[in-house]
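K.L.:
Quick one: the structure is below, and I'll ask about it shortly.
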Amino acid sequence: MSQQQARSAEQLVTQAETEQGRQAIHDDMPEARAHLAIAYSRDQSSPEVEFMFARSLEPQLAELAVFPAIGGRMWSASFDPTGHRIVTTDDQGAVVWDAANHQRLFTLTHSGDTVYDATYTPNGNLIVTAGGDGTVGIWDAVTGAPVRSLHGRAKKPRYYLVAVTPDGKRIAALDAGGEAIHVWDASTGAMLADLPNGGSLYPGLVFSPDGRWLASIGPDVAHIFDTRTWAPVRTMPNVHHFAFDATGTRLITGNLRGDASIWDIATGKRTRHLREVGDSVERVAFSPDGKLAATASFDGAEQIWLVSSGALQSQLNARHTKPLSLEFDKTSKRLLAAGADGSVVVADVTLGMPVAALEGPDSLVRVAHFDQDASHVVGASWDGTARLWDAHPSYLRWSVPGANSDCRSSPELDRRFVAIACEGLPTRIWDTATQSMVAQLPAVTPIEGDERFAFPAVSEAGDLAAIAHGNTVEIYELPGARRVGLVSHDAAVSAVAFAGRGHDLVSGDVYGRVLLTHDGARSLAMPDAPSGVDAVGFDPDGRIVVAYDDRQLRVFASEHATILTTLVAPNRVMSLRFSSDGRRLITLPKRRGSANGKPTQPALWDLEHYQLVRELEGHRGQVFGARFLDDDEILSAGSDGTARLWGADGRLNRTYRGSHSVAVSDAVLSPDRNFVVGGCGDSALHVWSKESGRQVWTLPVHRSSVMGLHWEGNDIVTRSFSGEISRWAIADPRSVIATATKPANVSK
C-alpha cells in the first residue's frame, strides 16, 4: 500500500468515527463520546471533531463524586438540611458522607441487613433509618452514635420507608409489603399507633408539611390519617403516587390509568382534574410556592400545571424512560427527575426544557434530591453507587419570561439593548449584558387595516427608545422611561430607526412622509413619495435609506434632505441590512409583494454606485434574516429550513440544512468563525460546521420558535416569538476536553 493509500484509509476511518459520533450525539451520548474520542485522537486539528467531542464530554463534568455502597444496591441518598452532609443506604447498611470533600464520615448498620431508607430530622440533629432487620434506627447526625432503636409490637417487619413530622417529634415507618404503619414518639420510643394499610406494590408514606395528616398508599388507594387521633379520615381510590402541597391542605395524586388530580384534604373533594387518561402517572410533585404541580408519566413525559386553573403550563420529555423520582427545588424554578435508565435531568420550569443532564450510572436511579439551594444533586442507583452532581445549568446563564402572545423585537442586529413588543402588552427594553429590564414603555399600536407594523427602536448606547404610537413617534429616555420627545406625522407611522451612533432618528409613515429628527431637535422632512413607507434606516455614513410600498428604494443625504438616488427593488422590502463599511446593502423582502410572481429573494445592493448587484437566489419561501460577516460574506436564514452562506459578490457558497425542515429565523457565525448557528422554528439552536456544512449539534433554548440571536463575547443571546430572552454560554472545547480527562473522584 502506498503512503497516499494509507493516508486515505486513515482519513476514511476518522471520517467514519466522526460521522457515527455525530449521529449519536443527541440520542446516545456514551456511544457518541466513544466514537468521537477515537476521531479526536486521530485528528485533533479538526474544529468540527473537537467541538462535538467537547459537547459529548460535558455531561460528565457535572459529576463531582461517586459514593460506593457498603454492599449491593444503593437504595436512597439525601442531604441534611444544610447540604453539608449526605446519607446513603444500601443492601448492607448506611453511610454518612461529607458533601464538600466527599469523604466517608461514619457507618450506620442494622445487623448487616438492608437499610432501605434514611432521612434527617428537620433540625438536622438526628438521622432516622428504616432497616430490613425489623428496626427503625435513630442516630446522632454529628457523630453517628445510636440514640434509639424503634421496634414493632409483634413480628419484625422489614421497614421500607420512614417519615418524620415537621417538628421532629413523631416518626412513622411502613413495611416493605405495605401492610402496616407504625408510629412512635421520637423522644421516648413509645409506639403511638399501629395502622393497618392493606398491602401495596407501590408503598408510599409522608406527613403533611403542617403535621396534620399522614398519608400512605395501600392497595391502589391513598389513606389519609388524622395525626391527632390516628383515625383514618379519607380514602382516595386509584392512587399510584401522591404528594402534599406546602400548606398540607391539598394532595396531588396520579394513577396507573393516567389520571392526575388535586384534592382538598378537609373535604375530600377533587379541586382540579389535571388529566384523565394516558400513560400511567408514575410520580407527582407540588412546587413549594404552591403555584405549580408536576406529573411524570411512564413514557418519561413531564407536565407542569398551574394549580390555580389546572392549565398545562409546559411539558417536556428529556429522558423517554420511566420516572422514579420527581421534585421541585425550594425556589419552585427547577424540576428534578430521575429515571429507570440511569438518567437524571434538571429542567427549567419557566422554559419548560432541560437545562442540565446529569450522567453517570448504567443502572436505574431510584431517587434523586436537590440540596438546600439546588446547586447540587445526589442520586442513588442500583449499580451500587450514589453520585453527587453539580446541578447548575450546563449552558443557560439566565432567562427572562415572555408572554402568551406573538412578539417582535427591534430590528437592529447585534445590539446589547433589545426592545420586545408583544401584541397588546407594554414594550419592554432589556439590557442583555446585565439581565435587567431597562424600562417598560407603552405598547406599539398596529396600523389599522394594514399589515405593516412599526418595530420599536433603541439607540446603540441604550439611552433612548422610540415607540410608534398612531401618527406619532414617542421618544423616551432610558432607563428613566421619561418621555423626552415627540415626532408628529400626518398619518400612521410605519417605520422608525436610530442611527448607528448618536441620537438621530428617522421615521416614515403610510403616506410616504419621512422625517429626520436630529438629536431631539426639530424634524427635517425628506422629499415626499407617492406611496407608504415599509422600512427606514441609516447606513454607517449617515445616509438615509427608505423602502416604499411601491418597491422604490430611495437614498437621501441626511444633512441636506436631498435625494441621492432612486432605485427599484425586485420586491417590497421588510428590512434593511447594511455592511459595516456602508458600501453595500441587503434588502429583505416581505412575504408578499413579488413583482413577477417568482419567489421573493433578498437583494444585494452597491451603495457606492447605487446599483443592484444581484438577488440572492436559493431560498424557497420567506427569508427572515441576513447579515454581513466582516463585509466579505453574507449569511441568510429562511423558512425553507436552511441557512445559506454567500460570497461578497452575492453568489451562493454553501447551504446549511437541519435534520428537520423547520424554519431558520436568524443565523450568526461563531466568534472563532468555525460554526454557523441558526435559531430555528423547533425552539432550538442548530449548529453547523462552516467548512463542511454538516450539522454537529442542537441546543433547545425556548418554549416557542427562536426569533433572533446575537453573540456577546463568547455567549449567545436568543429571543423567542413569545418574548423570552435567554443567555447561553458554550464553553471553549479545549478547556472542556482538558477538564474532562482529569481522574475521576471516587470516594472512600
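K.L.:
Could you please give the count of residues in region 421-473 that are over 21 Å from Asp509 (Cβ atoms), open to solvent by 20 Å² or more (accessible area, probe 1.4 Å) and not in a loop (DSSP other than H, G, I, E, B)?
P.N.:
6
Each row is one residue, and each column tells you yes or no for (1) over 24 Å from His320 (Cα atoms); (2) among the small types (Gly, Ala, Ser); (3) assigned to a helix (DSSP H, G or I); (4) open to solvent by 50 Å² or more (accessible area, probe 1.4 Å).
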position	(1), (2), (3), (4)
Ala16	yes, yes, yes, no
Gln20	no, no, yes, yes
His26	no, no, no, yes
Ala39	yes, yes, yes, no
Ser45	yes, yes, no, yes
Glu50	yes, no, yes, no
Pro59	no, no, yes, no
Leu64	yes, no, no, yes
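K.L.:
Look through region 474-490, keep the residues that are part of a loop (DSSP other than H, G, I, E, B) and in contact (Cβ under 8 Å) with a residue 24 or more places away in the chain, and return whichever of them is nearest to Thr445 (Cα to Cα).
P.N.:
Going residue by residue through region 474-490, those that are part of a loop (DSSP other than H, G, I, E, B) are 478-481, 489-490.
Subsequent filtering for residues that are in contact (Cβ under 8 Å) with a residue 24 or more places away in the chain retains 478-481, 489.
Details: Leu478: 21, Pro479: 22, Gly480: 22, Ala481: 18, His489: 15 Å.
If we take residues in region 474-490 being part of a loop (DSSP other than H, G, I, E, B) and in contact (Cβ under 8 Å) with a residue 24 or more places away in the chain, then His489 is nearest to Thr445 (Cα to Cα).
K.L.:
Among the numbered criteria (1) in contact with an Asp or Glu (Cβ under 7 Å, 6 or more places away or on another chain); (2) surrounded by fewer than 16 Cβ atoms within 10 Å (Cβ to Cβ), which one does Thr235 miss?
P.N.:
Unmet for Thr235, out of (1) in contact with an Asp or Glu (Cβ under 7 Å, 6 or more places away or on another chain); (2) surrounded by fewer than 16 Cβ atoms within 10 Å (Cβ to Cβ): (1).
K.L.:
Is one or more of the residues making up region 664-684 over 24 Å from Arg727 (Cα atoms), out of contact with any His (no Cβ under 8 Å at 6 or more places or on another chain) and not hydrophobic (A, V, I, L, M, F, W, C)? Step through it out loud before you land on a result.
P.N.:
Initial filter on region 664-684 (over 24 Å from Arg727 (Cα atoms)): none.
Checking region 664-684: not a single residue is over 24 Å from Arg727 (Cα atoms), out of contact with any His (no Cβ under 8 Å at 6 or more places or on another chain) and not hydrophobic (A, V, I, L, M, F, W, C).
K.L.:
Inspect all residues belonging to region 110-128 and state whether any of them is under 31 Å from the mean Cα position of the chain (by Cα) and either at pLDDT below 95 or not in a strand (DSSP E or B) (or both).
P.N.:
For region 110-128, residues under 31 Å from the mean Cα position of the chain (by Cα) and either at pLDDT below 95 or not in a strand (DSSP E or B) (or both): absent.
K.L.:
A further question on this structure: Is one or more of the residues making up region 89-97 touching a Lys or Arg at 6+ places or on another chain (Cβ under 7 Å), part of a loop (DSSP other than H, G, I, E, B) and open to solvent by 20 Å² or more (accessible area, probe 1.4 Å)?
P.N.:
So the first thing to find is which residues in region 89-97 are touching a Lys or Arg at 6+ places or on another chain (Cβ under 7 Å), and the list is 90-91, 95-97.
The next check asks that each one be part of a loop (DSSP other than H, G, I, E, B); those that pass are 91.
Narrowing further to those that are open to solvent by 20 Å² or more (accessible area, probe 1.4 Å): 91.
Within region 89-97, one or more residues are touching a Lys or Arg at 6+ places or on another chain (Cβ under 7 Å), part of a loop (DSSP other than H, G, I, E, B) and open to solvent by 20 Å² or more (accessible area, probe 1.4 Å).
K.L.:
Among the listed residues Ser580, Ser575, which satisfies the condition of being surrounded by fewer than 16 Cβ atoms within 10 Å (Cβ to Cβ), touching a Pro at 6+ places or on another chain (Cβ under 8 Å) and of a type in the set (Gly, Ala, Ser)?
P.N.:
Values: Ser575 fails: surrounded by fewer than 16 Cβ atoms within 10 Å (Cβ to Cβ).
Exactly one of Ser580, Ser575 is surrounded by fewer than 16 Cβ atoms within 10 Å (Cβ to Cβ), touching a Pro at 6+ places or on another chain (Cβ under 8 Å) and of a type in the set (Gly, Ala, Ser), namely Ser580.
K.L.:
Related question: Restricting the search to region 146-201, which residues are more than 30 Å from Leu256 (Cβ to Cβ), part of a strand (DSSP E or B) and either open to solvent by 10 Å² or more (accessible area, probe 1.4 Å) or in contact with a Lys or Arg (Cβ under 9 Å, 6 or more places away or on another chain) (or both)?
P.N.:
Pro146, Val147, Arg148, Ser149, His151, Arg170, Trp184, Asp185, Met191, Leu192 - these are the residues of region 146-201 that are more than 30 Å from Leu256 (Cβ to Cβ), part of a strand (DSSP E or B) and either open to solvent by 10 Å² or more (accessible area, probe 1.4 Å) or in contact with a Lys or Arg (Cβ under 9 Å, 6 or more places away or on another chain) (or both).
K.L.:
Check whether at least one residue in region 494-501 is among the small types (Gly, Ala, Ser), open to solvent by less than 60 Å² (accessible area, probe 1.4 Å) and in contact with a Pro (Cβ under 8 Å, 6 or more places away or on another chain), and report yes or no.
P.N.:
Keep residues of region 494-501 that are among the small types (Gly, Ala, Ser), which gives 494-495, 497, 499-500.
Then keep just the ones that are open to solvent by less than 60 Å² (accessible area, probe 1.4 Å); that gives 494-495, 497, 499-500.
With the extra rule that they be in contact with a Pro (Cβ under 8 Å, 6 or more places away or on another chain), the set shrinks to 497, 500.
The answer is yes, given that some residue of region 494-501 is among the small types (Gly, Ala, Ser), open to solvent by less than 60 Å² (accessible area, probe 1.4 Å) and in contact with a Pro (Cβ under 8 Å, 6 or more places away or on another chain).
K.L.:
Same structure again: With respect to Arg513, is the statement that it is open to solvent by 60 Å² or more (accessible area, probe 1.4 Å), under 20 Å from Gly470 (Cα atoms) and at pLDDT 95 or above true? Step through it out loud before you land on a result.
P.N.:
On the way: open to solvent by 60 Å² or more (accessible area, probe 1.4 Å): yes; under 20 Å from Gly470 (Cα atoms): yes; at pLDDT 95 or above: yes.
Here the answer is yes, as Arg513 does meet what is asked.
K.L.:
Still on this structure, I have one more. Looking at region 530-548, which of the residues that are without any contact (Cβ under 8 Å) to a residue 40 or more places away in the chain and open to solvent by 10 Å² or more (accessible area, probe 1.4 Å) is nearest to Ala497 (Cα to Cα)?
P.N.:
The qualifying residue nearest to Ala497 (Cα to Cα) is Ser531.
K.L.:
Can you pull out every residue in region 680-698 that is in a strand (DSSP E or B) and crowded, with 20+ Cβ neighbours inside 10 Å? Give the derivation first.
P.N.:
Filtering region 680-698 for residues in a strand (DSSP E or B) gives 680, 684-689, 695-698.
Cys680, Ala684, Leu685, His686, Val687, Trp688, Ser689, Val696, Trp697, listed by residue number.
K.L.:
Identify the single condition in (1) more than 30 Å from Ile304 (Cα to Cα); (2) of a type in the set (D, E, K, R); (3) modelled with pLDDT under 95; (4) buried (at least 19 other Cβ atoms within 10 Å of the Cβ) that Arg644 does not satisfy, given that it satisfies every other one.
P.N.:
Here Arg644 meets the rest and fails (3).
K.L.:
Please give the number of the condition Ser332 fails out of (1) open to solvent by less than 50 Å² (accessible area, probe 1.4 Å); (2) modelled with pLDDT under 95; (3) within 28 Å of Ala684 (Cα to Cα); (4) not aromatic (Phe, Trp, Tyr).
P.N.:
Unmet condition: (2).
K.L.:
While we're looking at this one, here's another question. Only one of these is buried (at least 22 other Cβ atoms within 10 Å of the Cβ), among the acidic types (Asp, Glu) and either more than 17 Å from Ser332 (Cβ to Cβ) or at pLDDT 95 or above (or both): Asp210, Asp289, Asp245. Name it.
P.N.:
Working: Asp210 fails: buried (at least 22 other Cβ atoms within 10 Å of the Cβ); Asp289 fails: buried (at least 22 other Cβ atoms within 10 Å of the Cβ).
None of the other options fit; the residue is Asp245.
K.L.:
Still on this structure, please answer the following. Cβ contacts < 7 Å: first residue closer than 18 Å to Arg719 by Cβ and in a loop (DSSP other than H, G, I, E, B), restricted to region 655-670; second residue open to solvent by less than 10 Å² (accessible area, probe 1.4 Å) and among the hydroxyl-bearing types (Ser, Thr, Tyr), any location; separation 6+ or different chain. Result?
P.N.:
Note: no pairs meet the criteria.
K.L.:
Right, another one. Here are the criteria: (1) at positive phi; (2) open to solvent by less than 20 Å² (accessible area, probe 1.4 Å); (3) aliphatic (A, V, I, L, M). Tell me which single one Ala481 does not satisfy.
P.N.:
Every condition holds for Ala481 apart from (2).
K.L.:
Among the residues of region 164-173, is any closer than 30 Å to Asn238 by Cβ and among the polar types (S, T, N, Q)?
P.N.:
Taking region 164-173 as the starting set, the residues that turn out to be closer than 30 Å to Asn238 by Cβ are 164-166, 170-173.
When the remaining residues are screened for being among the polar types (S, T, N, Q), the result is 165.
Looking for residues that are closer than 30 Å to Asn238 by Cβ and among the polar types (S, T, N, Q), one finds at least one in region 164-173, hence yes.
K.L.:
Another question about this same structure. How do the pairs read when you match residues in region 119-145 that are touching a residue at least 60 places away in the same chain (Cβ under 8 Å) with residues anywhere that are aromatic (Phe, Trp, Tyr), using Cβ under 9 Å and keeping only pairs 6 or more apart or on different chains?
P.N.:
From region 119-145, the pairs are Leu126/Tyr120; Leu126/Trp139; Ala141/Tyr120.
Conditions tested, residue by residue: (1) modelled with pLDDT of 95 or more; (2) surrounded by fewer than 20 Cβ atoms within 10 Å (Cβ to Cβ); (3) farther than 25 Å from Gln372 by Cα.
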{"site": "Arg257", "(1), (2), (3)": "no, yes, yes"}
{"site": "Ser261", "(1), (2), (3)": "yes, no, yes"}
{"site": "Thr267", "(1), (2), (3)": "no, yes, yes"}
{"site": "Glu276", "(1), (2), (3)": "no, yes, yes"}
{"site": "Val281", "(1), (2), (3)": "yes, no, yes"}
{"site": "Val284", "(1), (2), (3)": "yes, no, no"}
{"site": "Ala294", "(1), (2), (3)": "yes, no, no"}
{"site": "Gly300", "(1), (2), (3)": "no, no, yes"}
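The values are calculated or read from the model by the stated rules, or taken from the named source; none is laboratory data. Source: prediction; values computed, not measured. Reconstructed Cβ throughout: ideal geometry from the backbone, glycine too, with neighbour counts over all protein chains shown. Side chains included, ligands, DNA and RNA excluded: accessible areas come from the protein's heavy atoms. Shrake-Rupley method; radii C 1.70, N 1.55, O 1.52, S 1.80 Å.
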